[in-house]
Each structure stands twice: as C-alpha cells, then as structure tokens.
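The values are calculated or read from the model by the stated rules, or taken from the named source; none is laboratory data. The shown structure was predicted, so the numbers you read here are calculated from the model rather than taken from an experiment. For neighbour counting, all protein chains shown are included, and Cβ atoms are generated from backbone atoms with ideal geometry for every residue, glycine included. Surface accessibility is based on the protein's heavy atoms, side chains included, excluding ligands, DNA and RNA. Shrake-Rupley method; radii C 1.70, N 1.55, O 1.52, S 1.80 Å.
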Amino acid sequence: MMRASRWWLQGIGVMMVLSATFMRSEAAEWSAQPSLSVRGQYNSNLLLTSSPHEGVWGVWASPGMKFAGSTENFEMSGRTAADFVNYYGGENRSLTNLYFPISAKYTTQRETFGFDGGFIRDNTLMGELRQTGVAINFTQRNMWNLSPSWTHALTEQVSLQAGFQYVNTTYENGLQLGLVDYDLQGGSGAVIYSPGERDEFKLSFSYTDFHAPQANSLRSEIYNVQPSWTHGFSESISATIAGGPSLVHSAVGAEPFRQSDRQTVWVGSANLKKQWEDASAQVEIGRDINPSGFGLLLKTDRLTMTLSKNVNERWTASLSGAYVMSSGLSTQTFRGSFPDNQYITVSPAVNWKIGEWWAVDFTYTYSDRQVKTFNDHATANIGSIMLTYFPPKLRMGR
C-alpha cells in the first residue's frame with residue numbers, strides 16, 4: 001500500500017511539473033478536470049473460478065484528474081487516477097489500481113512527433129482478462145508502456161510513419177502463482193496514402209520481440225505485414241478493414257538444448273462505426289497476438305459490440321459485450337498444449353446526471369468463462385452503483 005501511495009503522489013507531481021511548463025508559455029492553454037468517485041459493488045465470483053465460492057461486497061474510492069495543454073505546435077493530455085479497493089465476504093482483499101497515461105504531439109509543416117505511454121497498475125482479472133480473454137490467477141500487475149512515433153508528409157496525400165514500442169510487465173508474487181514477468185519491444189513502419197477525405201490506405205510493417213526470461217528463457221519474434229483501408233461512407237458512418245500474415249519464431253531453453261519453431265498466423269480486424277445525434281454504435285471483429293503472464297503468446301479471436309443512447313439531457317443508456325476465444329501459439333517451445341479458452345461478457349449500464357457536478361452510474365456485468373479441454377466453466381454476476389463528483393474545470397492561458 002505504501003508503494004502504491006508513493007506512485008500516486010509521484011503521478012500528481014509529474015502532472016504539476018508538466019502543467020507548470022505549459023503555464024510558462026504565454027501562448028499556452030492549460031486545463032485540469034478533477035473528479036472523485038465512490039462505488040459500491042457486489043461480485044458473485046470475484047476470482048472467476050469453478051470451485052465453490054461465496055460472493056463479495058466491494059467498496060471503491062477513485063480520485064482522479066484529467067489534464068491537457070496546448071500551444072501552436074504542441075499538444076499534451078493525460079490522466080492521473082487511482083482505485084482504492086476493499087472486498088469483504090468470501091474473499092477479504094485490498095488492492096490499489098493506478099493509472100498514469102499520457103499522450104503528446106508536436107507538429108511542424110511536414111513532421112509530426114508523437115508519444116503515447118505511461119504506467120498502469122491493475123489486476124489480472126481486469127486488464128489482462130479483457131486483452132487476452134484468459135483468466136489467470138488473481139494478482140496485481142504493473143505495466144510500463146513507451147511508444148514514440150514519427151510521421152513525415154511527403155506530399156499532401158502520401159506520408160511515412162515510424163514507431164517504437166517498449167512494454168515491461170511484472171506481477172506481484174508472480175512465480176508463486178505460475179506467472180512470469182516479461183518485456184515486449186519492437187518497431188514499426190508504414191506508408192499512408194490518402195486520396196481523399198473519406199479514404200485512407202495504409203501498408204504497415206512491424207517487428208515485435210517478446211522475452212520472458214523466467215519461462216525457461218522464452219523468446220518469440222513476430223514479423224508482420226498488414227495492409228488496411230479506412231473508408232468514410234458518410235459523415236456518420238465509417239469502417240476499417242485490415243489483415244495480413246504474421247511469422248512467429250519462438251525459442252526456449254539453454255544452449256546446446258535450445259528448441260525453436262516457426263509458424264505463420266493470419267491476423268486482422270474489421271470494424272464499423274455509426275454515429276447519430278443522440279446515439280452511437282460500433283462493432284468490431286478481429287484476431288491478434290497477445291503476450292501473457294503464462295510466459296507465452298496467445299492467439300485471440302474476438303467480437304465486440306458497443307451501443308450508447310442519450311435518452312435525454314440527464315439519462316444515458318449503454319450496452320457493451322465481447323466474445324473472445326484464445327489459444328496458445330507455441331508448439332515445441334511450450335511443454336504440453338495450452339487449452340482453448342472462451343470468455344463472454346455483457347454489460348448494460350445507465351448514467352444519470354444528477355446535476356452540473358454530480359452523476360450516478362448503475363452497471364451490471366455478466367461474465368462467462370470456459371476451458372473446454374478440462375470441462376471448466378465459471379460465471380460471475382457483478383452489480384455496482386457509483387457516485388461521481390466533478391468539480392468545475394480549471395482553465396488558464398489564452
């Protein structure tokens with residue numbers, strides 16, 4: 001808890017330093033939006049296991065602040081937030097989630113330099129479950145993410161893009177729970193062609209290096225080529241389709257007994273977005289390759305849907321859902337076979353704006369997890385009520 005509090009204070013300090021930097025510029029505009037949420041929650045199966053279990057009651061306190069700043073050529077936005085959580089009942093647990101994402105962009109006449117990254121501390125049944133579709137042992141996960149990028153406009157229609165990504169992930173008491181820390185780094189390049197306002201064609205190339213030293217020195221390299229096309233059918237309807245082959249080369253063990261294998265996996269995605277004056281809808285289907293705390297790469301197929309409707313000025317209803325199938329990629333490099341996992345979640349929610357600075361969210365989530373190889377099936381029902389206070393936004397500058 002002391003370490004989590006230190007990260008929280010350091011995050012606020014970084015935000016204040018960045019804000020002060022913007023305020024020194026006469027042409028800068030700066031804003032900050034603090035908030036405080038208090039949530040009560042009931043979870044019928046906190047660990048999402050098929051073994052006998054009891055429901056738990058949870059209390060969440062979530063302070064946070066969004067901030068943004070801009071000059072003529074520079075833009076920055078970010079957030080510092082935390083969840084202080086206590087569960088009571090079948091599982092007495094306390095945990096602290098921290099979020100410090102930041103995004104920045106600097107533009108000139110032909111160049112755009114960007115950065116996305118930050119630090120996230122959550123638990124494996126939040127971020128990793130949503131990303132991979134596989135439920136692993138419940139523990140806290142710490143993740144650093146650094147992603148600088150550069151875009152150069154050759155002409156008004158053609159541009160070049162390059163980027164680099166580094167991810168470091170660690171788990172608390174990971175080895176005791178069968179989880180391993182890992183690093184992921186790689187680079188990407190792309191050629192982008194925009195013949196008009198409604199179309200964009202992109203040909204991207206990427207290289208990813210996944211390294212899990214604690215998993216018998218596992219290293220996997222992914223080489224990917226992927227063309228994509230984005231088309232705006234109208235001002236309110238747009239779609240993107242992308243796909244291509246990924247060559248995966250994995251090796252495990254120490255010399256002279258190191259084993260390796262190669263395989264080709266087709267990945268891609270397609271999404272459709274529709275926007276109305278008082279509603280929106282989005283559907284996406286795709287396959288990607290994700291790192292995992294199990295110390296191997298997972299192939300994840302997913303179908304997601306999000307619907308939102310403004311009933312009136314105070315009430316908003318939404319519905320989100322996902323169907324995810326996951327399986328292990330490694331063959332010779334992984335002893336045994338990784339079982340296929342199926343994960344389904346459906347979450348209706350209602351937001352009620354009580355007043356200018358107050359809002360209440362009512363949310364229900366149903367989760368269903370199956371590991372068919374072992375006939376393992378678990379479900380969870382989660383209900384929560386959250387009260388949020390939004391003080392007036394702070395603004396300074398031009």
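For residues that are open to solvent by 40 Å² or more (accessible area, probe 1.4 Å), within 12 Å of the chain's Cα centre (by Cα) and not aliphatic (A, V, I, L, M), tally how many sit in the stretch 106-125.
0
Output the number of residues of the stretch 66-95 satisfying the condition of being hydrophobic (A, V, I, L, M, F, W, C), touching a Ser or Thr at 6+ places or on another chain (Cβ under 7 Å) and open to solvent by 50 Å² or more (accessible area, probe 1.4 Å).
1
Could you please let me know if Glu128 is open to solvent by less than 20 Å² (accessible area, probe 1.4 Å), among the charged types (D, E, K, R) and not in a strand (DSSP E or B)? Break it down into steps so the answer makes sense when it comes.
Details: open to solvent by less than 20 Å² (accessible area, probe 1.4 Å): yes; among the charged types (D, E, K, R): yes; not in a strand (DSSP E or B): yes.
Judged against the criteria, Glu128 is a match.
Mind counting the residues in the stretch 275-293 that are open to solvent by 70 Å² or more (accessible area, probe 1.4 Å), under 30 Å from Phe210 (Cβ atoms) and either part of a loop (DSSP other than H, G, I, E, B) or touching a residue at least 24 places away in the same chain (Cβ under 8 Å) (or both)?
The qualifying residues number 0.
Please indicate, with yes or no, whether at least one residue in the stretch 247-269 is part of a strand (DSSP E or B), within 20 Å of the chain's Cα centre (by Cα), touching a residue at least 12 places away in the same chain (Cβ under 8 Å) and under 30 Å from Asn310 (Cα atoms).
Let us first name the residues in the stretch 247-269 that are part of a strand (DSSP E or B), namely 247-252, 259-269.
Narrowing further to those that are within 20 Å of the chain's Cα centre (by Cα): 267-269.
Then keep just the ones that are touching a residue at least 12 places away in the same chain (Cβ under 8 Å); that gives 267-269.
In the following step, the residues that additionally are under 30 Å from Asn310 (Cα atoms) were identified as 269.
Within the stretch 247-269, one or more residues are part of a strand (DSSP E or B), within 20 Å of the chain's Cα centre (by Cα), touching a residue at least 12 places away in the same chain (Cβ under 8 Å) and under 30 Å from Asn310 (Cα atoms).
Could you go through the stretch 255-265 and let me know if any residue there is open to solvent by less than 50 Å² (accessible area, probe 1.4 Å), touching a Pro at 6+ places or on another chain (Cβ under 9 Å) and closer than 20 Å to Gly196 by Cβ.
Start the filter on the stretch 255-265 by keeping residues that are open to solvent by less than 50 Å² (accessible area, probe 1.4 Å), which leaves 261, 263, 265.
Applying the additional criterion that residues be touching a Pro at 6+ places or on another chain (Cβ under 9 Å) yields 265.
Next, only the ones that are closer than 20 Å to Gly196 by Cβ stay: none.
Within the stretch 255-265, not a single residue is open to solvent by less than 50 Å² (accessible area, probe 1.4 Å), touching a Pro at 6+ places or on another chain (Cβ under 9 Å) and closer than 20 Å to Gly196 by Cβ.
Could you go through the stretch 152-159 and let me know if any residue there is open to solvent by 60 Å² or more (accessible area, probe 1.4 Å) and either acidic (Asp, Glu) or in contact with a Leu (Cβ under 7 Å, 6 or more places away or on another chain) (or both). Steps first, answer last, please.
Start the filter on the stretch 152-159 by keeping residues that are open to solvent by 60 Å² or more (accessible area, probe 1.4 Å), which leaves 154-157.
From the residues that got through so far, the ones that are either acidic (Asp, Glu) or in contact with a Leu (Cβ under 7 Å, 6 or more places away or on another chain) (or both) too are 154, 156.
Within the stretch 152-159 (the criterion being open to solvent by 60 Å² or more (accessible area, probe 1.4 Å) and either acidic (Asp, Glu) or in contact with a Leu (Cβ under 7 Å, 6 or more places away or on another chain) (or both)), the answer is yes, since at least one residue qualifies.
For the stretch 69-87: of the residues being polar (S, T, N, Q) and free of Cβ contacts under 8 Å to residues at least 60 places away in the same chain, which is nearest to Glu54 (Cα to Cα)? Don't jump to the end; show me each part of the working.
If we filter the stretch 69-87 for residues that are polar (S, T, N, Q), which is where we start, we get 70-71, 73, 77, 80, 86.
In the following step, the residues that additionally are free of Cβ contacts under 8 Å to residues at least 60 places away in the same chain were identified as 70-71, 73, 77, 86.
Numbers: Ser70: 50, Thr71: 54, Asn73: 55, Ser77: 41, Asn86: 16 Å.
Among them, the one singled out is Asn86.
With the condition kept exactly as written, say whether any residue in the stretch 110-127 is of a type in the set (Asp, Glu) and at pLDDT below 90.
The answer is no; no qualifying residue exists.
Among the residues that make up the stretch 171-183, is at least one of them in contact with a Pro (Cβ under 9 Å, 6 or more places away or on another chain), crowded, with 18+ Cβ neighbours inside 10 Å and in a strand (DSSP E or B)? Spell out the reasoning first.
First, pick out the residues of the stretch 171-183 that are in contact with a Pro (Cβ under 9 Å, 6 or more places away or on another chain): 180-183.
The next check asks that each one be crowded, with 18+ Cβ neighbours inside 10 Å; those that pass are 180-182.
Next, from what is left, pick out any that are in a strand (DSSP E or B): 182.
Scanning the stretch 171-183, I find at least one residue that is in contact with a Pro (Cβ under 9 Å, 6 or more places away or on another chain), crowded, with 18+ Cβ neighbours inside 10 Å and in a strand (DSSP E or B), so the answer is yes.
Could you list, in sequence order, the residues of the stretch 320-356 that are modelled with pLDDT under 85, crowded, with 17+ Cβ neighbours inside 10 Å and either β-branched (Val, Ile, Thr) or outside any strand (DSSP E or B) (or both)? Working first, answer last.
The first filter runs over the stretch 320-356 and keeps only residues modelled with pLDDT under 85, leaving 328-339.
Still in the list and also crowded, with 17+ Cβ neighbours inside 10 Å: 328-330, 333-334, 338.
Matches in the stretch 320-356: Leu329, Ser330, Thr333, Phe334, Phe338.
(1) farther than 29 Å from Thr345 by Cβ; (2) of a type in the set (A, V, I, L, M); (3) touching a Leu at 6+ places or on another chain (Cβ under 8 Å): which one isn't true of Ala212, the others all being true?
Every condition holds for Ala212 apart from (1).
Out of Pro245, Pro227, which single residue is under 30 Å from Ser280 (Cβ atoms), touching a strand residue (DSSP E or B) at 6+ places or on another chain (Cβ under 8 Å) and open to solvent by 30 Å² or more (accessible area, probe 1.4 Å)? Steps first, answer last, please.
Details: Pro245 fails: under 30 Å from Ser280 (Cβ atoms).
Selected residue: Pro227, the only one of Pro245, Pro227 that is under 30 Å from Ser280 (Cβ atoms), touching a strand residue (DSSP E or B) at 6+ places or on another chain (Cβ under 8 Å) and open to solvent by 30 Å² or more (accessible area, probe 1.4 Å).
Among the numbered criteria (1) of a type in the set (A, V, I, L, M); (2) over 18 Å from Met126 (Cβ atoms); (3) at pLDDT 90 or above, which single criterion is violated by Val17?
Tallying (1) of a type in the set (A, V, I, L, M); (2) over 18 Å from Met126 (Cβ atoms); (3) at pLDDT 90 or above, Val17 fails exactly one: (3).
Please pick out the residue among Ala215, Ala190, Ala162 that is open to solvent by less than 60 Å² (accessible area, probe 1.4 Å), hydrophobic (A, V, I, L, M, F, W, C) and within 22 Å of the chain's Cα centre (by Cα). Before you say what the answer is, go through the steps one by one.
Numbers: Ala215 fails: within 22 Å of the chain's Cα centre (by Cα); Ala190 fails: within 22 Å of the chain's Cα centre (by Cα).
The match here is Ala162.
Give Leu36, Leu98, Leu48 a once-over and let me know the one that is in contact (Cβ under 8 Å) with a residue 40 or more places away in the chain and open to solvent by 30 Å² or more (accessible area, probe 1.4 Å). Steps first, please.
Numbers: Leu98 fails: open to solvent by 30 Å² or more (accessible area, probe 1.4 Å); Leu48 fails: open to solvent by 30 Å² or more (accessible area, probe 1.4 Å).
Result: Leu36 is the single residue among Leu36, Leu98, Leu48 that is in contact (Cβ under 8 Å) with a residue 40 or more places away in the chain and open to solvent by 30 Å² or more (accessible area, probe 1.4 Å).
Which condition breaks for Arg141 when tested against (1) in a strand (DSSP E or B); (2) closer than 23 Å to Gly64 by Cα; (3) open to solvent by 60 Å² or more (accessible area, probe 1.4 Å)?
The failed condition is (3).
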